[in-house]
Each structure stands twice: as structure tokens, then as C-alpha cells.
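This is the structure I want to talk about, given as C-alpha cells.
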Number of protein chains: 2
Amino acid sequence: MLERMLAGFIREGRLTVRTAGGRTLRFGAPAPGVADVAIRFRDRASFLRVALRPMLHFGEAYMNGDLVLEEGRLADLFELCGRNLANRARSRSGPFRRGFRALARRLQQHNPIAASRRNVAHHYDLSETLFRLFLDSDLNYSCAYFARPDLSLEEAQRAKQRHIAAKLLLAPGQRVLDIGSGWGSLALALAGMEKVSVDGVTLSTEQHARANARAAAAGLADRVRFRLADYREVTGTYDRIVSVGMFEHVGSPQYETFFATLRRLLAPDGVALIHSIGRMDPPGLTDPWTRKYIFPGGYIPALSEVLPVVERAGFWATDIEILRLHYAETLRHWRERFLAKKNVIRDIYDERFCRMWEFYLAGSEMGFRHGGLMVFQLQLARRVDTVPLTRDYVREAESALPA
Amino acid sequence: MLERMLAGFIREGRLTVRTAGGRTLRFGAPAPGVADVAIRFRDRASFLRVALRPMLHFGEAYMNGDLVLEEGRLADLFELCGRNLANRARSRSGPFRRGFRALARRLQQHNPIAASRRNVAHHYDLSETLFRLFLDSDLNYSCAYFARPDLSLEEAQRAKQRHIAAKLLLAPGQRVLDIGSGWGSLALALAGMEKVSVDGVTLSTEQHARANARAAAAGLADRVRFRLADYREVTGTYDRIVSVGMFEHVGSPQYETFFATLRRLLAPDGVALIHSIGRMDPPGLTDPWTRKYIFPGGYIPALSEVLPVVERAGFWATDIEILRLHYAETLRHWRERFLAKKNVIRDIYDERFCRMWEFYLAGSEMGFRHGGLMVFQLQLARRVDTVPLTRDYVREAESALPA
């Protein structure tokens, strides 16, 4: 079955599969820019598992060493799959499939506060040591903004912070809320660029402690505070609300609550900016491997799922930027740094953990390069005239902000 | 009934209503920036009609002279209504109301090709003489782009053409399709900015003849051709597709067809730009007066109605700009020019026609200033990497294009 599927699928690039029984199967043909890849299955059972449910068991087989790369790297295998995925005719989804997906989304992403805490702990309470080994030095764990193609990862993360600060139209004295504040990078950056006060909320105990320590070390503890809280627990009013790389964890059944909360927290002349991964395809599902190992409860929305809720909440969507390929570049940097430090990480965790993360980083990069993933920056306001009438202010503010 | 409604509605500004029976009703209180307005109803029947179905009969009463302005101008009355509309709490729409609206949209906007021809003739086959009296000299009958607030209407229409040309990433030798080409202004402007060939299609016989005459006069007839055709009848492949102020006439039941047609006509490395009026509110209906007198078959979509179709058609939405208030300014210019030439227009048509158009222009301006209307520019591509990765190219191209 896998054989028939692969024969129909692989057209660009060459894939060699060696089964445990000693057979060698070849698919596709050499193509420029795609490295030849050869994989071997350790036993018949693992081959069958991948054949039956590839979206889950392909990743598991790689993690467990049941699938071994004999030629090429994992990123090459993903590039090969990605290229052919992009070539494939799009499958039309009927109403039954759409109904099933809607139900599955509801079950998988129910995400009441307690479950959200567990889901966040699963990923973000991993040791900071790990993230320090492959993120930029400022610990930005989200898509960078390559304002120019030759920027380093550090520069592109800083460019992202400036891009966001510009779109937030920061001014001295404003109160800013950062939903999903991580290790505090963005909140501290915004407070460093302009005399604003920032409240950050996170559900990760590891990140929360670290972020407050960073605020103290930067001498910004009077203006930047981090709380261990769910966004649904925040009260008060804010002039600016920003949320970077957190909306992916909200889950579509909670979108009404999310935007109603934003509406409750945002001042009448306020501006909000949501920076999130999105898909250019119609609504779908998170793949089962990612859901199990990386982001339980997470979901990547299509814009068509977000905008109805924005409209019902009474917001103006004042600008929607679609950042394509920036996350692919970010992930390439992360993967290369991760692999360069693989020995250190294996000593802290183990080989299986390293393979799991390599699979996650390489697979995500493929998703952004060939799989229809993007990042959208959705700017919201309550009034028609809060945001300038042309977008020229973004670049002007970027130039004016401290480098 | 109207009395009770108005007493609850008018909070900002003062409205005086004199009934045919001689009663004087006062609503609201004076407010800065809102002129006092007094209206009088000629007879009891017209007062009752407006009370029963204000969305249709308010406009008719004004056209027919059954509603007379005794103090203030029509634009002041709309400003007064608009301000209070914006203050009003948003009414939540239940599933029954949503279902009814969806059905009504389907019936009102069925728009097969023959009906589209009739609908277009209703508005766009009005004498060019009329439009010459209030549009800019280049005859751009769509929202201008006020790149700076102090631009004249002529300058802002030219700025719109340059903004669109920049987003289309024009290059010599490209084939461009202009869907809804009007009097040919944009097609001729694009061909003047870059050595591209442009095919324009329109359903208006008046506009079609005039546009071809302009192409000949400009010495561009070898590169710019206008056809009297429906967009669904176009064949071939285009590098660039642009559509300005036409999507409002497509009607939501035809969106699948519209984007499937775009997908069929756009080259794999092509770019399309749709410039259309949109609403920030959830999907609704065209008001009955506008549907009857101005734009039969027309519909102003919410982005939430457009994006699902874009996704299903397999397009990347590469950029979504939301132009707020630009059309309010455009309409203000048009209305002032129209009123300055009212005597001339009355001599060609009649008083009732003048009032109908004044009502349309002032009402539309109110819609963009206070009623949640906007213009969106939706840029589409088939490939992830056709459009540059940052939006900086837009301003750079605008500066480089001939003024």
C-alpha cells in the first residue's frame, strides 16, 4: 500500500526504500535542488505501522530508530516530500469530510484553562537550557522577520520586534498587555523602545520565573511585570494588546472567547496585534504526530476561521499581513543550530529526544516552504480612525525605533 | 413608532421633525461637529411609509420631495444618523436571522450573465456627461487613495493607480486582464506606466465604446483593448489580473465561480489584485433603497465571506490591505462637485434624479465614515514565492513609477 502511494506521489527527486525483508524500492527520478534520499526500515512491523498511518507513525519510526536514513538528511527527505506535495493536485473536501473535521477540532481543542496549563507545560516547561542551545540569544521562540534576506537570526528577531512595535503605534505612558509572553523577550523589547508599561501573561512556570528575573536584571521591573495567568483571567483595560505565537494554542472552539476577551480588555482607542501561524488551505486538522509529541491542544487556523469571529466581536481588522517563508528561514536557522549542538542535547536528554526535535523542526520547515503554512499579523482596532489611513507609518516607525 | 425609535436612537446632535399634522418633535441635544437638522414631512402618508420601512422609504421620500430639509443639508442629516449609529450597541444576530439573510442574499444576487448585463446597464450606461460632472478628469469611478491627507481628488485617484500598479509588480511584456474596466482609466494608466498589454472587459456598452476611443486617442490601441464581455466569458492566461470596484456586483452566490475563473485565467507565477468595498460587520444585506435605485444585484461582502472561497480556490492571499475612510473622502469630493453642478444636472435629468444621487452619495459617505464600510485590496498569488517577502516593495515601486 505504501509502495503504491509513494509511486504515485514521488515525481521530483529520488527516494530509495529498503524494507526489512531486503527488498529495495525506488521512486521518482533525480531532480535539481533535491538530494537523493535512502531510508531503511528496521523491521517489518515498523514498515507496516508507517504504511497504515503515516502521519503519526512516520515521525515515531524516526524517533525510535525504526526508520534509518542511509543517504541524505532528514531535512532532505522533507524537502523531497514537500516538493511533491506542492505539485500534487489539491483534493477537494466534501461536506462529510468538513463535518468530521469540525467535530474533531472541537474534541481535540476543547482547551479549558486547566487543560491549557497542561498543554503549555508539555512544551514550554522544557528546560531553558534546551532553547538556549538553538534560539537567538534573546530567546524569541516565534517566527523572525527577515526585513532583508541577508539578516542573521538575531537581527531578524530584532526586526520582528520592531515591525510589531511599529504596528502597535506605541507612545509613552501606554499600558500594554502581552498574551503569551514566553521568556519576556518582546515585552522587554517594547519597554526598551518606548516608555510604556507592559503586563505579560504566560501559563509556563519556567518561562514566568525567568521573564521576571530578566525584567529585574534589565532594570525594567517597575514597568514590566509577568504573571502566571491564563488570558481569560486578565482584568482591566489596555491601550495596546499583543500576542505572538500564542493564538496557535487557543483552539478554534475558544476563538469566540479569545476575541471577546480582547474586546473586553482593549481601550476604545486601542490597537491589538495578533501574530500567529496560519494555513492558506481551508480549515483542517493538526497532524496526529505533532498533536501527540509537540503541541497537544494546538491548532493552526485558516484566516477564514478567524475573520468571522473578529467581525462578530465588533473589531475592525485594520491590516492583515501574510508573512510567507519567514518561518521556514527561522526554522532552518534553529535546525542548523540544534544539529550543531546535538551532542550536548543528547547528553542532557537522549537520542530519541534529539530525533523527535529534529523531526519537529525539519517537518515544520517543510510545512512553511511547501505545505501552505504562513504567519499572519492581524491588526485590530475598535474605531475606524485609530490606525493611520495608509500603511506608510509602519516603515517610518521602524526606521525611527532604536536598533 | 418612528418617534419612539428616534427618541432612543438620537443622542448626539439635534433633529427636529415637523409632521404634516403640524406637530414638532425634537430629538437629541446639540453636539460639537454635528449641525442641527430639521425635516418636514409633506403629508401623513409619507411619514407613515418612512416609519414603517425607513431603509427603503426614507430615500424615496427625499427623492420625491415628500421629506423636506428645513434646516441643515442632507449630508448633515446623514452625519447625525451616522454618529448615533456608531454609538449604538451592536445587535447580536441569532442563527435564524443569519439563515434568513443567507437565503435573501441567494435570491437577490443570483446574477447569471444576462441579469448582470441588465444590472450593469442600470447604473453604468448613464450618460458619461453625468459622471464627467463630478468624477476626476480621468473618470475613476472607485475609491481614491489619499496617500497624504492634502491630496486633491485628481492626485488621490492617480495615487490609487500607482498603489495598485506597485502591488501588481508590473514588468515589461506582461499580459494584464482588467475585470470591470469602466471608462478604461486604470488599464490605460497601467499601460502608460509599464510596457504591458492590457485586456479590459466591461458589461457596459457606454463604457466599452468610450474606453476603446480613449485607447486610440492615447496611441495605446495596440496594447490596450476593451471587450464587451462578462468575466466568465474570458479565456486565455494572464500574468496579472486586476479588478477595481467590480467585485461589489458579483454577488455572494457567484464567489466560487469568480475565484475559480481567476484561478483558471491566472498564470502559475501570476499576481491578482481585487479592490472592492467590504464591510467590517458580519455578513448582512444590501439596503433595499440602494438595491432598488442604484445597484440592483450588488452586494458588499465581509472578508469572512471572501476568504473561505479564496482558500478553496487554492490561492495564497498574499496581502490584505483595509482602506478605511478613503472612500468617505472620495465621496465627499464627488458630492461637493455634484452639488456645485446641480443646476446643469437638473437640466439634463430632473430634480428627482438629483435628489436620488445626492442621497446615494451622502448616504454612501456616511456608510464609510460611521457605518462600518471599508475598501479592501486583496492580493492573490498561486505560488508562495511570487510576491516579495516583505511589503517594502510597494512604497519603493510607487516612488519609482511615473507621477
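Between a residue in region A:298-314 that is more than 7 Å from chain B (Cβ to nearest Cβ) and any residue that is surrounded by 23 or more Cβ atoms within 10 Å (Cβ to Cβ) and part of a loop (DSSP other than H, G, I, E, B), which pairs come within a Cβ distance under 6 Å, given they are 6 or more apart or on different chains?
Pairs found: A:Tyr299/A:Gln109; A:Tyr299/A:Gly251.
Which ones in region B:192-225 are touching a Gly at 6+ places or on another chain (Cβ under 9 Å) and among the basic types (Lys, Arg)?
B:Lys195, B:Arg210, B:Arg214, B:Arg225
Would you pick out the residues in region A:264-291 that are within 14 Å of A:Val306 (Cβ to Cβ) and of a type in the set (Lys, Arg)?
If the condition is that a residue be within 14 Å of A:Val306 (Cβ to Cβ) and of a type in the set (Lys, Arg), then A:Arg279 is the only one that fits.
Still on this structure: Is one or more of the residues making up region A:164-185 under 18 Å from the mean Cα position of the chain (by Cα) and surrounded by fewer than 24 Cβ atoms within 10 Å (Cβ to Cβ)?
The first filter runs over region A:164-185 and keeps only residues under 18 Å from the mean Cα position of the chain (by Cα), leaving A:164, A:178-185.
Add one more test, that the residue is surrounded by fewer than 24 Cβ atoms within 10 Å (Cβ to Cβ), and what stays is A:164.
Within region A:164-185 (the criterion being under 18 Å from the mean Cα position of the chain (by Cα) and surrounded by fewer than 24 Cβ atoms within 10 Å (Cβ to Cβ)), the answer is yes, since at least one residue qualifies.
May I pose another question? Could you count how many residues in region A:196-211 are under 20 Å from the mean Cα position of the chain (by Cα), in a strand (DSSP E or B) and not β-branched (Val, Ile, Thr)?
1
What tally of residues in region A:239-270 results from selecting those that are at positive phi and in contact with a strand residue (DSSP E or B) (Cβ under 7 Å, 6 or more places away or on another chain)?
From region A:239-270, those at positive phi are A:245, A:251; that's our starting set.
Subset that is in contact with a strand residue (DSSP E or B) (Cβ under 7 Å, 6 or more places away or on another chain): A:245.
Qualifying residue count for the region: 1.
For the structure I just gave you, tell me whether B:Thr390 is within 13 Å of chain A (Cβ to nearest Cβ), in contact (Cβ under 8 Å) with a residue 40 or more places away in the chain, surrounded by fewer than 19 Cβ atoms within 10 Å (Cβ to Cβ) and outside any helix (DSSP H, G or I). Working first, answer last.
On the way: within 13 Å of chain A (Cβ to nearest Cβ): yes; in contact (Cβ under 8 Å) with a residue 40 or more places away in the chain: no; surrounded by fewer than 19 Cβ atoms within 10 Å (Cβ to Cβ): yes; outside any helix (DSSP H, G or I): yes.
Criteria not met by B:Thr390.
What's the number of the only condition in (1) surrounded by fewer than 18 Cβ atoms within 10 Å (Cβ to Cβ); (2) in contact with a Lys or Arg (Cβ under 6 Å, 6 or more places away or on another chain) that B:Cys354 fails to meet?
Every listed condition holds for B:Cys354 apart from (1).
Another question, then. Identify, by number, the condition in (1) closer than 22 Å to B:Met63 by Cβ; (2) touching a strand residue (DSSP E or B) at 6+ places or on another chain (Cβ under 9 Å) that B:Glu321 doesn't meet.
Condition not satisfied by B:Glu321: (1).
Same structure, new question: So, A:Glu358, is that one within 14 Å of chain B (Cβ to nearest Cβ), assigned to a helix (DSSP H, G or I) and either within 15 Å of the chain's Cα centre (by Cα) or not hydroxyl-bearing (Ser, Thr, Tyr) (or both) or not? Working first, answer last.
Values: within 14 Å of chain B (Cβ to nearest Cβ): no; assigned to a helix (DSSP H, G or I): yes; either within 15 Å of the chain's Cα centre (by Cα) or not hydroxyl-bearing (Ser, Thr, Tyr) (or both): yes.
Answer is no for this residue.
If a residue has to be under 26 Å from A:Val306 (Cβ atoms) and part of a helix (DSSP H, G or I) to count, how many in region A:362-387 make the cut? Walk me through it before giving the result.
Going through region A:362-387, the residues under 26 Å from A:Val306 (Cβ atoms) turn out to be A:363-387.
Subset that is part of a helix (DSSP H, G or I): A:363-369.
Number satisfying all stated conditions: 7.
Here is a further query. Counting only residues that are buried (at least 20 other Cβ atoms within 10 Å of the Cβ) and of a type in the set (S, T, N, Q), which one in region B:357-387 is farthest from B:Ile241 (Cα to Cα)?
Checked region B:357-387; the qualifying residue farthest from B:Ile241 (Cα to Cα) is B:Ser364.
Shifting gears a bit: For B:Ser399, work out the one condition from (1) under 30 Å from A:Tyr327 (Cβ atoms); (2) of a type in the set (Ser, Thr, Tyr); (3) more than 14 Å from chain A (Cβ to nearest Cβ) it doesn't fulfil.
Against the list (1) under 30 Å from A:Tyr327 (Cβ atoms); (2) of a type in the set (Ser, Thr, Tyr); (3) more than 14 Å from chain A (Cβ to nearest Cβ), B:Ser399 comes up short only on (3).
Additional query: Identify the residue in region A:149-195 that is of a type in the set (D, E, K, R) and assigned to a loop (DSSP other than H, G, I, E, B) and, among all such residues, is farthest from the other protein chains (Cβ to nearest Cβ). Give the steps one after another, and end with the answer.
Initially, region A:149-195 is screened for residues of a type in the set (D, E, K, R), giving A:150, A:154-155, A:158, A:160, A:162, A:167, A:175, A:178, A:194-195.
Keeping just the survivors that are assigned to a loop (DSSP other than H, G, I, E, B) gives A:150, A:194-195.
Details: A:Asp150: 12, A:Glu194: 23, A:Lys195: 28 Å.
So, considering only residues that are of a type in the set (D, E, K, R) and assigned to a loop (DSSP other than H, G, I, E, B), the one farthest from the other protein chains (Cβ to nearest Cβ) is A:Lys195.
Restricting attention to region B:234-253, and to residues there that are in a helix (DSSP H, G or I) and within 18 Å of the chain's Cα centre (by Cα), which single residue is modelled with the highest pLDDT? Walk me through how you get there before you give the answer.
Here is the first cut: in region B:234-253, the ones in a helix (DSSP H, G or I) are B:247-249, B:252-253.
Cutting the leftovers down to within 18 Å of the chain's Cα centre (by Cα) gives us B:247-249, B:252.
Values: B:Phe247: 96, B:Glu248: 93, B:His249: 91, B:Ser252: 90.
Out of the qualifying residues, it is B:Phe247.
So, one more: Hey, any hits in region A:367-377 for a residue that's within 23 Å of A:Glu79 (Cα to Cα) and either over 14 Å from the mean Cα position of the chain (by Cα) or among the acidic types (Asp, Glu) (or both)?
Yes, region A:367-377 has at least one match.
Identify, from the list A:Leu220, A:Leu130, A:Leu135, the residue that is more than 17 Å from the chain's Cα centre (by Cα), part of a loop (DSSP other than H, G, I, E, B) and touching a residue at least 24 places away in the same chain (Cβ under 8 Å). Reasoning before the result, please.
Values: A:Leu130 fails: part of a loop (DSSP other than H, G, I, E, B); A:Leu135 fails: more than 17 Å from the chain's Cα centre (by Cα).
Selected residue: A:Leu220, the only one of A:Leu220, A:Leu130, A:Leu135 that is more than 17 Å from the chain's Cα centre (by Cα), part of a loop (DSSP other than H, G, I, E, B) and touching a residue at least 24 places away in the same chain (Cβ under 8 Å).
Do you know which residues across region A:39-75 are more than 12 Å from A:Phe359 (Cβ to Cβ), among the acidic types (Asp, Glu) and surrounded by 18 or more Cβ atoms within 10 Å (Cβ to Cβ)?
A:Asp66
With respect to B:Leu323, is the statement that it is surrounded by 23 or more Cβ atoms within 10 Å (Cβ to Cβ) and either within 14 Å of chain A (Cβ to nearest Cβ) or at pLDDT below 95 (or both) true?
On the way: surrounded by 23 or more Cβ atoms within 10 Å (Cβ to Cβ): yes; either within 14 Å of chain A (Cβ to nearest Cβ) or at pLDDT below 95 (or both): yes.
So B:Leu323 fits the description; yes.
Then there is this: Report yes if some residue within region A:254-275 is part of a loop (DSSP other than H, G, I, E, B), modelled with pLDDT of 95 or more and within 14 Å of chain B (Cβ to nearest Cβ); otherwise report no.
Let us first name the residues in region A:254-275 that are part of a loop (DSSP other than H, G, I, E, B), namely none.
Looking for residues that are part of a loop (DSSP other than H, G, I, E, B), modelled with pLDDT of 95 or more and within 14 Å of chain B (Cβ to nearest Cβ), one finds none in region A:254-275, hence no.
Could you count how many residues in region A:144-162 are more than 20 Å from A:Ala397 (Cβ to Cβ) and surrounded by 21 or more Cβ atoms within 10 Å (Cβ to Cβ)? If you could, list the steps in order and put the result at the bottom.
Step one: filter region A:144-162 for residues more than 20 Å from A:Ala397 (Cβ to Cβ), giving A:149-150, A:152-154.
Applying the additional criterion that residues be surrounded by 21 or more Cβ atoms within 10 Å (Cβ to Cβ) yields A:153.
Residues in region A:144-162 being more than 20 Å from A:Ala397 (Cβ to Cβ) and surrounded by 21 or more Cβ atoms within 10 Å (Cβ to Cβ): 1 in total.
For region B:342-384, what are the residues that are of a type in the set (D, E, K, R) and closer than 25 Å to B:Phe258 by Cβ?
Pass one, region B:342-384, residues of a type in the set (D, E, K, R): B:342, B:346-347, B:350-352, B:355, B:358, B:365, B:369, B:382-383.
B:Arg382, B:Arg383 - these are the residues of region B:342-384 that are of a type in the set (D, E, K, R) and closer than 25 Å to B:Phe258 by Cβ.
A further question follows. For the condition under 16 Å from B:Tyr124 (Cα atoms) and of a type in the set (A, V, I, L, M, F, W, C), what is the one hit in B:Leu220, B:Leu188, B:Leu177, B:Leu228? Step through it out loud before you land on a result.
Numbers: B:Leu220 fails: under 16 Å from B:Tyr124 (Cα atoms); B:Leu188 fails: under 16 Å from B:Tyr124 (Cα atoms); B:Leu177 fails: under 16 Å from B:Tyr124 (Cα atoms).
Exactly one residue qualifies, and that residue is B:Leu228.
The values are calculated or read from the model by the stated rules, or taken from the named source; none is laboratory data. A quick note: this is a predicted structure, and the numbers were derived from the prediction, not measured. Neighbour counts are summed over all protein chains in view; Cβ atoms, including those assigned to glycine, are modelled from backbone coordinates with ideal geometry.
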